[in-house]
Structure formats: C-alpha cells, structure tokens
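Q: Got a structure for you, questions after.
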C-alpha cells in the first residue's frame, strides 16, 4: 500500500491526486488517485530506487502486489514489461481506481481483486510469482504473517524477489529463513528492502 507522505501532490479536482509512472511503456503518464488514508503513491524517488534494483528482473515477470493502495508499484512494473500482475486490496475506492487506470492504459495484463490479502494468501497457490510487493499498513503485524503465508502456501517462484516497506529495520522483521536480504534503504521513518528467495 502506498501510504501518505509529506510531499506535495498536484490535484486536478477536489478529492483527487495523481501518480506519475516513471519509466517504460507509459513513461511520464499521470494517473488519478483518490484522496484518502493509504492511497497516496509511493514517492517517485523511492520507486525509482526500487525499480533500479529490480531492472534486470522485471521483463516477463509474474507480479503480486498484496496491499496495492494507489497501485503505483504494480503500474510501474507493468509499464516496464512485467508479463502480468495481480493486485489485492480491501479498499473499494483503491480497487475501482486501479481498474479504471488500467482501462485508461488499455492494459489487459492486470488482475485487480478486492479482498483481504491474508485471507487470499491462506488458500492454495493459484500461481507462483517472480516478484512480490509488500507495503502493508504499519503497526498491525501484517508483514511477517504475509511473508510466512507466501512461503508456506507456495506462492513464490524458486528465485523470487520480494520488496517490503516497514516501520522497523529489515533485520528485525523475522522473515523466512530462506530469504536473503539483498538491498535496503531508509527514507524518513520508512525502511524499504529487497529480498531474494533462495
């Protein structure tokens, strides 16, 4: 979920902001995002860093965004050549907005589901993902539980990449033992990290 930041956001009308796709097929496209807690896009600078880390692995990837919020991360992945993507969120406004944005982009490669991520991931894996984005609401113990379900229910490809945002140091998150911390950085109070499954 892309959460609130202090950075200014242009607004086309009352109750609406925008996200900007940084690179790829839809480079520099600006798309609407409804105002509301948790629906502001991950800042451009953070997304640019993360997708620089992921650049060799995006093309053709199967992608999951378990707490999609504004959809900024999944839209960036699709713009850069991900084969297809599944986005989960329990917020109906977020889901409706992301569906509309994919229609604007004429992109059939995204499956957008209004559902609770933990409930969805508790079921048997419907497919395996090469890349997973995890940016859940903070202070709700969601991240560790989500990571354990991804591993236990076999949602991950053999060498899958997992991106996390958290309020705590990555080393303190209690990730599955076969996940290796590849890169990490901190912006403000948010720690973001890239893991690889081994």
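What follows is calculated from the coordinates using simple rules that are stated; it is not laboratory data. Predicted model, so just to flag it, every value in this text is computed and none were measured. Neighbour counts run over all protein chains shown; Cβ positions are idealised from the backbone, glycine included.
Q: How much of the DSSP beta bridge set in the chain is antiparallel, as a percent to the nearest 5?
A: 55
Q: Eigenvalues of the Cα gyration tensor times 5, then square-rooted: what semi-axes does that give for the range 95-198, in whole angstrom, largest first? Provide the component values of the computation, followed by the final result.
A: Details: eigenvalues 112, 63, 39 Å².
Ellipsoid half-lengths, sorted descending, are 24, 18, 14 Å.
Q: Under the Kirkwood approximation applied to all pairs of distinct alpha-carbon atoms, what is the hydrodynamic radius of the chain in Å? Could the numbers behind the result be given before it?
A: On the way: mean 1/r = 0.0602 Å⁻¹.
Value: 16.6 Å, from the Cα pair sum.
Q: Kindly provide the helix-only [θ] at 222 nm of the chain, computed as the sum of -39,500 (n - 2.57) over DSSP H runs of four or more divided by all residues, to the nearest 500 deg cm²/dmol?
A: On the way: 5 runs with 49 residues, N = 198.
When only DSSP H runs of four or more count, the value is -7000 deg cm²/dmol.
Q: Going by average Cβ neighbours within 10 Å, how do the peptides 73-85, 162-174 rank, with the highest at the top? List each step's numbers first, then the result.
A: Working: 73-85: 22.9, 162-174: 16.5.
Result, highest mean first: 73-85, 162-174.
Q: What relative contact order, as a whole-number percentage, does the chain give when Cα pairs under 8 Å and 6 or more residues apart are counted? If you can, show how the numbers build up before the last one.
A: Working: 404 pairs, mean separation 32.7, N = 198.
The normalised contact order for the chain reaches 17 percent.
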